[in-house]
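Quick notes on the structure that follows.
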Amino acid sequence: MRILDFHLHYNGNIDEAERFAALWREGGVQKAVVFGLNFNDGSHTSMRDVAALAVRVPDFFIPFAYLNLGYEDCMAQVREAVSRGFKGLKFIYAAKPYDDDEYFPIYEAAAKANMVCLFHTGIVIGNVGKSGLHGIDFQGKWRISSNHMRPMHLDRIARAFPDMPIVGAHLGAESWYEEAASMLHWQTNLYFDMSIGQFHYTRKNTPEGQDGRVIKSRIRELYDSGTLDLHRILFGSDSVVGNPDANPGWSLRTLKFELEALGATEEEKEAVCWGTAARLLGIP
Ligand SMILES: [Zn+2]
């Protein structure tokens, strides 16, 4: 089955580009959406670097602009993304809630340019991730709040721009699955990615050699009741291009496990792995 990875970060290390793409292709991933990541000082990978990555490996990476709302000139960034022919924008870290009036001109420009808008939703990496792949030292100074990135803040944006595809990353991440899934029911232009492993947990104290993976009961209920429509869910690995240790193995095995264990139909699996994302991005 063809796979489109809708959630990749890039740290600017171009030397890993080919090796990364080769590993993902080996796993069945034919295309992947990629955007920047924040460093410890709060700066992030430039749009130029993300564009250069896409050029380096033709026909694989789909570049999105990476925007921190309220911390940079996002209108200028959207204009640059349009002029570069980017198909989408990734929003993460917002000085105010995503649906603050201040940000609406940015969304309006994005909607006019037919951009796909991906928003981080749910709790964001904190100081547990210190010295990891994502910078976090700026978060205190910037007064970062995960609450600004609640899925429900996408509700107002989805209503104002009903033709703009809006994707929430991480399905609201643990705290807000119900909120995220219930929004799918009421807004046809909303989608969520399932990065990464959001549908299951591993039972603690599982003896070595045994499989302790279980579908979360909340996800099971949302799927069985029809609220969590898999035609509106996208696969993402949330991996970092440029990380020499990057490997798609776990995320691809998890994707397969979660869809099987949930009881997804073949048609639903195809929608999650490829169909819906390809349609949003205009890929035949
Ligand atoms: Zn991410």
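Just need a number here: residues in region 238-273 that are farther than 19 Å from L171 by Cβ and touching a Gly at 6+ places or on another chain (Cβ under 8 Å).
Number of matching residues: 3.
Cβ contacts < 6 Å: first residue of a type in the set (S, T, N, Q), restricted to region 70-92; second residue within 16 Å of the ligand (Cβ to nearest atom), any location; separation 6+ or different chain. Result?
Going by the 6 Å Cβ cut-off, the qualifying pairs are Q77/A65; Q77/L67.
Specify the residue that is nearest to V33 (Cα to Cα); the eligible residues are those in region 107-128 that are assigned to a helix (DSSP H, G or I) and at pLDDT 95 or above.
A110
Which of the residues belonging to region 1-20 are buried (at least 19 other Cβ atoms within 10 Å of the Cβ) and either free of Cβ contacts under 8 Å to residues at least 12 places away in the same chain or more than 19 Å from the chain's Cα centre (by Cα) (or both)?
E16, A17
Hey, among E174, E179, which residue is assigned to a helix (DSSP H, G or I) and among the charged types (D, E, K, R)?
Only one candidate qualifies: E179.
Could you tell me whether M1 is out of contact with any Ser or Thr (no Cβ under 6 Å at 6 or more places or on another chain), closer than 27 Å to R253 by Cβ, of a type in the set (A, V, I, L, M) and more than 16 Å from the ligand (Cβ to nearest atom)?
Yes: the conditions hold for M1.
Are there any pairs, at least 6 apart or on different chains, whose C-beta atoms fall under 6 Å, with the first in region 224-241 and within 15 Å of I196 (Cβ to Cβ) and away from the ligand (no atom under 12 Å from the Cβ) and the second small (G, A, S) and outside any loop (DSSP other than H, G, I, E, B), and if so, which?
These pairs meet every condition: L234/A277.
I'm trying to understand the selection: among the residues of region 26-41, which are crowded, with 20+ Cβ neighbours inside 10 Å and over 17 Å from W250 (Cβ atoms)?
Hits for region 26-41 are K31, V33, V34, F35, G36, L37, N38.
Here's a check for you: in region 174-191, which residue that is surrounded by fewer than 23 Cβ atoms within 10 Å (Cβ to Cβ) and of a type in the set (G, A, S) is nearest to the ligand (Cβ to nearest atom)?
By that ranking, first place goes to S175.
Does M194 satisfy the condition of being more than 16 Å from the ligand (Cβ to nearest atom), within 25 Å of R279 (Cβ to Cβ) and not acidic (D, E)?
no
Considering L23, L67, which residue is touching a residue at least 12 places away in the same chain (Cβ under 8 Å) and crowded, with 21+ Cβ neighbours inside 10 Å?
The match here is L67.
Counting only residues that are among the hydrophobic types (A, V, I, L, M, F, W, C) and under 19 Å from I123 (Cα atoms), which one in region 191-219 is farthest from the chain's Cα centre (by Cα)?
Checking each candidate, the answer is I219.
Can you list the strands (runs of 3 or more DSSP E) lying wholly within region 200-278 that have 1 or more residues being among the small types (G, A, S) and crowded, with 20+ Cβ neighbours inside 10 Å?
So the answer is 239-241.
The values are calculated or read from the model by the stated rules, or taken from the named source; none is laboratory data. Source: prediction; values computed, not measured. Cβ atoms come from the backbone with ideal geometry, glycine included; neighbour counts cover every protein chain shown.
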